[in-house]
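The structure appears right after this line, and notes come after that.
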Amino acid sequence: MAVTTELVKTLRARTGAGVMDCRRALEDAKGDLDAAAELLRAKGLAAAATRAGRDASQGIVEAYIHPGNRLGALVEVNCETDFVARTDEFKTLVRELAMQVAATSPHYLSKDEVPAEVMTEQRAAIVREHAGAVEAEIERHLARWLAEVVLLEQPSIRDAGRRVGDMITDTVARVGENVQVRRFARFKLGD
């Protein structure tokens, strides 16, 4: 199938990738939009992995206050440049993260931040609750618990099929910079 300008425009609108990247992906995928989008996504994820160690000292702090003013959240998300921090895509991500924190009340940012003694206690509680469970079942229960208390492991409130960490990785792939959640706080009236 020939790669037309319309196909390139469609893929560009769908992925946010550059014109030449879209054209190359469409050529490699022989005009298949879905396959081309997957190629671009894979390429973006590979590029995102190389950016992970770069300094991210710019960004924004976003506040979300739930209607009724009884619940709110603050989130600091950093990127490498103020140019990216001012883009709608970055602002949308940060807003979604603030809403996620308000809605789900995570305790930790990443699995690495969960103290070892908390993991040990949780594993022991799962073993007590599910006596006779095999190790694979215990690990599934532990993963379910982590998805409740760890922000980056939680399913997105907007798209339950995607983890919050995946949303951030996708944004990194699209904006071309390292993006990191630095910290968050949730406030509820009376807590």
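Any residue at all in the range 85-92 that is of a type in the set (Phe, Trp, Tyr), at pLDDT 85 or above, assigned to a helix (DSSP H, G or I) and under 20 Å from the mean Cα position of the chain (by Cα)?
The answer is yes; a qualifying residue exists.
Output the residues belonging to the range 99-117 that are assigned to a helix (DSSP H, G or I) and touching a helix residue (DSSP H, G or I) at 6+ places or on another chain (Cβ under 9 Å). Please lay out each step first, then the result.
Applying the first criterion (assigned to a helix (DSSP H, G or I)) to the range 99-117 yields 99-104, 111-113, 116-117.
Residues satisfying the conditions are 100, 101, 104, 111.
Taking the range 167-183 as the search range and keeping residues that are at pLDDT below 90 and either in a helix (DSSP H, G or I) or among the aromatic types (Phe, Trp, Tyr) (or both), which one is nearest to residue 110 (Cα to Cα)?
In this case the residue turns out to be 169.
Out of the residues in the range 5-36 that are at pLDDT below 85, out of contact with any Leu (no Cβ under 7 Å at 6 or more places or on another chain) and assigned to a loop (DSSP other than H, G, I, E, B), state the one that is surrounded by the fewest Cβ atoms within 10 Å (Cβ to Cβ).
18
Name the single residue, out of those in the range 119-139 being surrounded by 14 or more Cβ atoms within 10 Å (Cβ to Cβ) and either modelled with pLDDT of 95 or more or not β-branched (Val, Ile, Thr) (or both), that is farthest from the chain's Cα centre (by Cα).
133
For residue 73, state whether it is modelled with pLDDT of 95 or more and touching a Leu at 6+ places or on another chain (Cβ under 6 Å).
When the stated conditions are applied, residue 73 does not pass them.
Is it fair to say residue 191 is over 19 Å from residue 58 (Cα atoms), assigned to a loop (DSSP other than H, G, I, E, B) and not hydrophobic (A, V, I, L, M, F, W, C)? Working first, answer last.
Values: over 19 Å from residue 58 (Cα atoms): yes; assigned to a loop (DSSP other than H, G, I, E, B): yes; not hydrophobic (A, V, I, L, M, F, W, C): yes.
Judged against the criteria, residue 191 is a match.
For residues in the range 37-64 being touching an Asp or Glu at 6+ places or on another chain (Cβ under 7 Å), at pLDDT 85 or above and of a type outside the set (S, T, N, Q), which is surrounded by the fewest Cβ atoms within 10 Å (Cβ to Cβ)?
Among those that are touching an Asp or Glu at 6+ places or on another chain (Cβ under 7 Å), at pLDDT 85 or above and of a type outside the set (S, T, N, Q), it is 61.
Suppose we keep only residues that are surrounded by fewer than 17 Cβ atoms within 10 Å (Cβ to Cβ) and part of a helix (DSSP H, G or I) within the range 148-166. Which one would you say is modelled with the lowest pLDDT?
166
The values are calculated or read from the model by the stated rules, or taken from the named source; none is laboratory data. This one's a predicted model, so the numbers in the text were calculated from it and none came from an experiment. Note: ideal-geometry Cβ built from the backbone for every residue, glycine included; neighbour counts use all protein chains shown.
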